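Each reported figure results from applying straightforward, stated rules to the coordinates on display, with no laboratory input. Keep in mind that this is a model prediction, so the values were computed, not measured. Virtual Cβ from ideal backbone geometry, glycine too; neighbours counted across all protein chains shown.
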Amino acid sequence: MKKTSLRAMPETKLAKFQTMQMGNDCAIHSIVAAIELLTDFRLNPFELIDEVNRVWWRGRFFRLAPNSGITPPLQIRLINYLARTRSIPIQAKLFHLDPEILRVTAEAENIASLVTIYWWFNHAPAIYYSKQSKNYNVVKGASGHTMLFAAYDPDHYNGEIHTPWGFINSWVTEGTALFWMEDKEFRKSWSIPIPRWGNNATVIISHKDGYQK
């Protein structure tokens with residue numbers, strides 16, 4: 001498979017879209033990055049987190065509970081809410097894609113793909129930063145994590161570990177590199193068949209008017 005990346009941008013430029021999460025807000029940071037990539041419209045993720053928590057008490061549910069997770073269907077609801085309330089020309093839909101299809105979405109100029117991975121207790125998949133051999137995902141509990149798919153590089157390694165899947169991830173602010181996963185680990189954690197919103201869940205955000213930047 002050939003090397004590909006969002007907007008054909010280099011890794012260092014894509015890495016600048018990353019913002020550090022402080023709580024269970026990986027989906028919001030991923031959404032903010034995707035919107036800025038597609039439209040140049042910049043949202044403050046921390047202000048958006050406060051808003052999403054606040055409106056939950058008013059019956060506007062964009063997360064499971066205040067400060068709790070945001071499933072792929074709720075991600076779509078939040079993105080379409082932002083499009084409506086901020087007049088951002090985007091829309092979102094949920095798909096269940098094969099990895100080969102996900103890889104080629106980076107070649108489209110007017111879409112961005114959010115992926116959500118899951119794991120059970122003591123089975124967290126390794127996620128690496130830049131070309132470091134350190135695993136940044138060492139949580140012991142069962143959990144999930146949303147990232148913005150950013151690149152596929154068949155020649156990328158973290159130490160001796162082959163890591164072709166690259167993501168804009170919310171574990172650094174304006175980093176110098178992306179976060180990377182092994183092919184087997186990514187496919188396994190992305191394909192866990194959680195009812196309704198698991199099994200290769202991909203939220204595709206598209207620019208309604210095509211690529212305008």
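Working from Cα pairs under 8 Å separated by at least six residues, relative contact order for the range 161-213 is 25 percent.
A Cα-only calculation for the range 28-82 places Rg and Dmax at 10.8, 31 Å.
Remark: the Ile101-Tyr136 segment gains 9.9 nm on full extension, using 0.36 nm per residue and subtracting the alpha carbon distance. Relative intensity of the range 1-62 on a log10 scale, I(q)/I(0) at q = 0.18, 0.23 Å⁻¹, equals -0.72, -0.98, per a Debye sum over C-alpha point scatterers of equal strength in the absence of solvent. Per residue, the convex hull around the alpha carbon atoms of the range 75-213 comes to 125 Å³.
Going through the cross-link list Lys93/Lys208; Lys140/Lys184; Lys13/Lys208; Lys2/Lys184; Lys140/Lys188, which pairs have a Cα-Cα distance over 22 Å in this structure? Result: Lys13/Lys208 exceed 22 Å.
Working note: 222 nm ellipticity from helices only, DSSP H runs with n ≥ 4, each -39,500 (n - 2.57), summed and divided by the residues of the chain, gives -8500 deg cm²/dmol to the nearest 500.
Rounded to the nearest 20, the Cβ-based charge dipole of the chain about its Cα centre (Lys and Arg +1, Asp and Glu -1) stands at 560 debye. The value of relative contact order for the range 82-213, using C-alpha pairs under 8 Å at least six residues apart, is 34 percent. For the chain, with the dipole built from +1 on Lys and Arg beta-carbon atoms and -1 on Asp and Glu ones, taken about the Cα centre, which of Ala108, Ala150, Ile28 lies farthest toward the positive end? Value computed over the given set: Ile28.
In plain terms, the C-alpha convex hull of the range 1-152 casts an average shadow of 9.6 nm² when viewed from every direction.
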